[in-house]
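Below you'll find the structure, written out as C-alpha cells, and then a few comments.
The values are calculated or read from the model by the stated rules, or taken from the named source; none is laboratory data. Predicted, not measured: the structure shown is a model, and the values here were computed from it. With ideal geometry, Cβ positions are generated from the backbone for all residues, glycine too; neighbour counts draw on all protein chains shown.
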Amino acid sequence: MKNGKTTNKKNGTNSDEFKAQMPLDGQTQLENRFIAAQDSLSSSRQRLVKQILDEPQETFFLSSREMGKRYGVDSATIVRTIQAMGYKKFADFSHDLREHFVTQITPYTAMKAATQTNRSIVSRVNQSLEQDVENLGSLKATLNPDQVVELAKQIHRSQRIIVLGVDFAAGLAASLTYGLVRLGCDAEAPIGHTGTVQGKIKLLTSKDLLIAFTFGRGLRETVEAVQRAKEKGVPTFGITDSNKNPMAKFCDQYLIASTARSSFLDSYVAPISIINAILVACAHIKPKRALDWLEQSDKEYESGKRWYRED
C-alpha cells in the first residue's frame, strides 16, 4: 500500500467484513471492532473486553491461556470472545491489541511492559535489533517512492525550508536539514523555546515549505506549528508513524514510518531511512547542482584541519 492522504491503510484487519469498514476517528482497530460487535457480546464478555482494552500494557504480550488466567476465565472463553469481534485467530487479536497499546504508550508504560517478560539483557538487545529490522521491512513494503520524489521536487521549488522536530525528533530534523544545506537548499531546523519556532513560522510564505516530524499522539508544539503554517498558506509535509497521528490530518502530504519499540525508546531507524531517501532524491533530481555544491565541500574534506591526525 502507499502512504499519504490517498491511502486507506488499515493495520491488523484480517476479516473481510471489518476491512470494508472505515475506522472511526480517534479509535484504534480494536476499539472499532469492539464497538461494532457490542450487540453480539454478552454483558460479561463486554466487561472482559473492556478490561483488556483498559490494561493493554499488561496484556498485549500474553497468550490466550495467560490472558484467561489473568481474568479468571478459560482460554476458550477468550478465543470465543475475540471471534465474536470478527477475529479468526488469537494472533490477529494480539496484533491489534499491541497497536492499541502503542497509541497509549509512554516511556514508563513501555519499560514496565518490557519488564513483565522474562528475558536476558542479551535477548533484549537482540529484540531491539529485530524490531528495527521489522520497522525497516514495513517501510520498504509500504513506502511510495513517487511521494518521496514529489517531496524532493517541492523542496527544490521552495525558497526556504523549515524542518521541525521536538525532543528526540529534533535529531531527525537536524539530520535532514544538514543534508539539504549540503545540497544548496536554504533549510533550517529551529531549536529553542516555542517562541523561536513561532517566529520562524511567521516568516514563511506560500513559496516556502514546512517539513515536520512527530510520532505517537503528536507533540502539541509540532502540530500547532503545522496548523499555523497552513493558516498562512504555507505548504506542509509530515513524517509520522500512523495515519491516526494529527500530522495525517493537518499536513498537505505525509509519509509513514513505524517507530515501534521494544522497550522505552522509539525506534527511529525507519524515519532515518526516509531522510536518506529524500536526500538521494533531492540530489539526483538536479545532479549538476548537487555536484556543484558537493565540489565546494571537497576542499573542506581535503583539508587537514577537518580530520584528526596524530602529530
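Of the residues Lys244, Lys286, only one is assigned by TED's automatic domain parsing to the domain that holds Lys202, touching a residue at least 12 places away in the same chain (Cβ under 8 Å), among the basic types (Lys, Arg) and surrounded by fewer than 17 Cβ atoms within 10 Å (Cβ to Cβ); which? Being assigned by TED's automatic domain parsing to the domain that holds Lys202, touching a residue at least 12 places away in the same chain (Cβ under 8 Å), among the basic types (Lys, Arg) and surrounded by fewer than 17 Cβ atoms within 10 Å (Cβ to Cβ) holds for just one of Lys244, Lys286, which is Lys286. You will find that of Ala212, Ala187, Ala174, Ala170, the residue that is touching a Leu at 6+ places or on another chain (Cβ under 6 Å) and farther than 19 Å from Phe250 by Cβ is Ala187 and no other. Would you confirm whether or not the stretch 215-226 contains a residue that is farther than 29 Å from Phe101 by Cβ and either modelled with pLDDT of 90 or more or assigned by TED's automatic domain parsing to the domain that holds Ile285 (or both)? No, the stretch 215-226 has no match at all. Meeting the requirement of 2 or more residues that are of a type in the set (Val, Ile, Thr) and under 23 Å from Asn144 (Cα atoms), the helices (runs of 4 or more DSSP H) wholly within the stretch 203-311 are 269-285. Scanning the stretch 116-142 for residues that are charged (D, E, K, R), touching a residue at least 60 places away in the same chain (Cβ under 8 Å) and touching a helix residue (DSSP H, G or I) at 6+ places or on another chain (Cβ under 9 Å) yields Arg124, Asp132.
All conditions in (1) buried (at least 19 other Cβ atoms within 10 Å of the Cβ); (2) in contact with a strand residue (DSSP E or B) (Cβ under 8 Å, 6 or more places away or on another chain) hold for Ala270, with the sole exception of (2). For the stretch 55-89, a residue qualifies if it is within 29 Å of Met111 (Cβ to Cβ), of a type in the set (D, E, K, R) and part of a helix (DSSP H, G or I), and the qualifying residues are Glu58, Arg65, Glu66, Lys69, Arg70. The residues listed here are Leu183, Leu172, Leu209; of these, the one that is of a type in the set (A, V, I, L, M), within 16 Å of the chain's Cα centre (by Cα) and closer than 30 Å to Lys288 by Cβ is Leu172.
Taking every residue in the stretch 181-210 that is over 20 Å from Lys230 (Cβ atoms) and touching a residue at least 40 places away in the same chain (Cβ under 8 Å) and pairing it with any residue that is of a type in the set (S, T, N, Q) and in a loop (DSSP other than H, G, I, E, B), at least 6 positions away or on another chain, the pairs with Cβ-Cβ distances below 9 Å are Cys185/Ser158. Among the residues examined, Gln296 qualifies as over 19 Å from the mean Cα position of the chain (by Cα) and polar (S, T, N, Q).
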